[in-house]
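The values are calculated or read from the model by the stated rules, or taken from the named source; none is laboratory data. It should be emphasised that the depicted structure is a prediction, and the values quoted were computed from it without experimental measurement. Note that each Cβ is placed from the backbone with ideal geometry, even for glycine, and that neighbours are counted across all protein chains shown. When the accessible area is computed, the model is the full protein with side chains, heavy atoms only, and any ligands, DNA or RNA have been set aside. Shrake-Rupley method; radii C 1.70, N 1.55, O 1.52, S 1.80 Å.
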Amino acid sequence: MGKPTGFLEYGRENGSVRPPKERVKDFKEFHRLLPEKEQEIQGARCMACGVPFCQSAMELNGMVSGCPLKNLVPEFNDLVCTGNWEQAYRRLTKTSCFPEFTGRVCPALCEAACTCGLHGDPVSTKENELQIIERAFASGWVKPEPPRVRTGKTVAVVGSGPSGLAAAFLLNRRGHQVTVFEKSDRPGGLLMYGIPNMKLDKFVVERRICLLEAEGIRFITGTDVGRDVTGENLLKEYDRVVLACGAGKARDIPVPGREAGGIYFAVDFLTAVTKSLLDSDLKDKKYPKVAGKRVVVIGGGDTGNDCVATAVRLGARSVVQLEMMPEPPETRREDNPWPEWPRVKKTDYGQEEAAWAYGADPRRYCTTATEFLAGKNGNVNRVRTVELEPEKNAGGRPKMVPRAGSEKELPADLVLIAAGFTGAESYCAESFGVSLDSRGRTAPADGSHRTANPAVFTAGDMRRGQSLVVWAMREGLEAAREVDESLMGYTNLELGRRNLC
C-alpha cells in the first residue's frame, strides 16, 4: 500500500461539481476531477486489504458486492498514491477495456465493498479510475493497438452497446476480423443514446469508437439485423455471430388512457433529445416539447433520474417522479450489513437539480399511476395515482398493493415511462433461430454464452437481463473468450489475468 496510515490521516474527497443553477443551462458534463496531487492522496487511503472485497464480485443476499470486472483495485490505488500514473493505467487496463465509461456511469460496486466503508467513507476508487484513464488519454498513452497477426476468422457483433464493444475489442485484439452492426445512425448503443450527455459526454464514446476503428474493427450503422439483413445471411458471411442487442423492450404501464398523446417511453425520449443535441444543438426541435409543461416521470431508477434532469434542462414547468417502492433509509439497516450493496437513499444529480428548480425533491414514494386522463385535444393532462403499501404474499415475499382511499390526481402535460425493461426484442433472436425465455433473455441453461446454434453467441443485457454497464462489459469479454475457443480450439484469453492494453 502507498501509505499504511493513509486511511487514518486523510478523509475522502471527491471532485467538485458545477452547482445546479449553472449546470441546468447546458448538457455538458458537470463533474470536475481533483488536482493530481489531491487525487494521489485519495489513493493513499486504500489499505491494500489482505482480502480485497472491492474486486471480489461476490453475490451476497441476492446482490453483487465488488467489481464484476475484478479490477485490481488495491494495485492501481497504490500506483495513484505514488504518482505512477502510467503504470496505474497499465494495471487498470489489464482487466478493464473502457475505464472512461465505468469511471463515469458505474454505481461503484467496488466502493460499496471497500473495507474503509465499514466504519467510515470508502476509498474514492471510481474517481481514481476516471482520473487514471483521462490522464492516460491526455498524456498520449492510449494508442491504437491493432493485432500483429490476423487469424483469418471473421466475427459479426450485433449491437454496439457496452457488451458488443467489449466483445469486439477483445476478439479484434486476438486477431479475428470483427464487424459491428448497429441499427442507430451512430455506434455506441446505450452509451450513445440511452445515457444523457451531461452524464456521459458523447465525445468520450466517439473517442473510443475512433480507437476501435483504428485497431481494425469495422462499424456498420443504420442496419437493423433481423429486419434489414437476415441472420441467415450473416451466418453465411461470418464464421461466428455475437448477439449483444440489449434489453431494450420497455415495460409499459397498461392502464386506462394509455393511448393519450404526450406519453413516451423514457428511452425514446432520451434518445430523441440526445440525437437532436448531437445533430443540431437542439435547434431542429426533433424531440418532445418540454418547455413550460408539467412533467410526470414514472420510475425511480437511473433512467427516471436521467429523465428528470433532462426535463429540467429543457425548461419543464414542474417535474414529479413516481416511485413504487418505499423511501429507503438514510443509513444501512441491520439486515443490510457491509459488504452487501447498501440499500440506502440516494439523491442523484437529477433530483438535486429538480429540488433546486422547483423547491422540493421530485420523488413521491409508494405511488403509481392507475389512469391517464386526456384533455379535449387528446393529450394527457392528468395522471390518476394511488399510494401503495407493502404486503406479503402467500409465499411470504413482499409485494406492493394499493391503499384504499389514497387516490389522487396530478396535473401532467407530458408523461415519461421509466419503468424498466422486459428483455430483448424478439425479432433479431428469431432471425438466428434463437429463442427467448419468459423474461426476454437468451440465457442458456448451462450458463454459457452459447446458443443452440454453435455459430451464435449472446452477451450483455440480452443474455443477462437489464443490468449495469460494468456487467455488460464483463458479459462481452466472457462471450469473446468462448467465441475465440470455438474458433481456434483453445483460448488464451483468461478473464481477470489477461492484458487488454
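Once both labels are positioned 7 Å from their Cα atoms along Cα-to-Cβ, the gap between Leu8 and Ser438 label points is 5.6 nm. Among 107-117, 55-65, the peptide with the highest mean count of other Cβ atoms within 10 Å heads the list, and the full ranking is 107-117, 55-65. For Lys399, which aspartates and glutamates qualify as cross-link partners when the Cα separation must be under 18 Å and same-chain residues fewer than eight apart are set aside? Within the straight-line cut-off, Lys399 pairs with Glu323, Glu327, Glu387, Glu389, Glu391. Length gained on full extension, Asp284 to Glu59: 76.3 nm, using 0.36 nm per residue less the C-alpha separation.
Annotation: lysines with alpha-carbon distance below 23 angstrom to Lys153 (same-chain offsets under eight excluded): Lys236. Net charge within 15 Å of Pro35 by Cβ-Cβ distance, Lys/Arg positive one each and Asp/Glu negative one each, not counting Pro35 itself? In short, -3. Each residue of region 262-273 is assigned a 3J(HN,Hα), and the resulting list reads x, 10, 10, 6, 4, 5, 5, 5, 5, 4, 4, 5 Hz, derived from the Karplus form 6.51 cos²θ - 1.76 cosθ + 1.60 (θ = phi - 60°), x at Gly and Pro. When both region 395-462 and region 19-40 are represented by their alpha-carbon centers, they are found 35 Å apart.
For region 150-231, with all protein chains present and a 1.4 Å probe, just round the carbon and sulfur fraction of the accessible area to a whole percent.
Working: 1220 of 2420 Å².
Of the solvent-accessible surface of region 150-231, carbon and sulfur hold 50 percent.
Take the Kirkwood radius over Cα pairs of region 161-219, plug it into Stokes-Einstein at 20 °C and 1.002 mPa s, and you get 184 µm²/s for translational diffusion.
Close amide-amide hydrogen proximity is noted between Glu371 and Arg384, each under 5 Å apart and 5 or more residues distant or on a separate chain (H modeled in the peptide plane; Pro and chain starts excluded). Remark on Asn379: its backbone amide H falls under 5 Å from those of Gly261, a criterion applied only to residues 5 or more positions apart or on other chains, H modelled at 1.01 Å from N.
Measuring between alpha carbons in the structure, the pairs from Lys183/Lys286; Lys3/Lys126; Lys28/Lys289; Lys25/Lys376 lying more than 24 angstrom apart are Lys25/Lys376. Calculated on the alpha-carbon coordinates, the convex hull of region 1-142 measures out at 127 cubic angstrom per residue.
In whole Hz, what ³J(HN,Hα) sequence does region 314-323 give by Karplus (6.51, -1.76, 1.60; θ = phi - 60°), x for Gly and Pro? Per residue, the Karplus-derived 3J(HN,Hα) values read 8, x, 4, 5, 7, 9, 10, 10, 8, 10 Hz.
Length gained on full extension, Ala452 to Arg333, computed as 0.36 nm times the residue gap minus the Cα-Cα distance: 38.4 nm. Only Cα pairs under 8 Å and at least 6 apart count here; give the relative contact order of the chain as a rounded whole percent. Result for the chain is 17 percent.
How long is the gain from Glu407 to Met325 if the chain were fully straight, where each residue apart is worth 0.36 nm and the alpha carbon distance is subtracted?
27.9 nm
Counted by Cβ distance under 11 Å from Val297, the other residues give a net charge of 0, where Lys and Arg count +1 and Asp and Glu count -1.
Computed over Cα pairs, the Kirkwood radius of the chain leads via Stokes-Einstein (1.002 mPa s, 20 °C) to a diffusion coefficient of 89 µm² per second. Computed from label points 7 Å out along Cα-Cβ, the spacing between Ser16 and Lys399 is 5.2 nm. Here the Karplus curve 6.51 cos²θ - 1.76 cosθ + 1.60, taken at θ = phi - 60°, turns the phi angles of region 276-286 into couplings of 5, 4, 6, 6, 8, 6, 6, 6, 6, 6, 8 Hz, with x standing for Gly and Pro.
Taking Lys and Arg as +1 and Asp and Glu as -1, the other residues whose beta-carbon sits under 13 Å from that of Ser16 total -2.
For Leu60, the residues whose modelled amide H falls within less than 5 Å of its own, excluding neighbours fewer than 5 places apart on the same chain, are Ser65.
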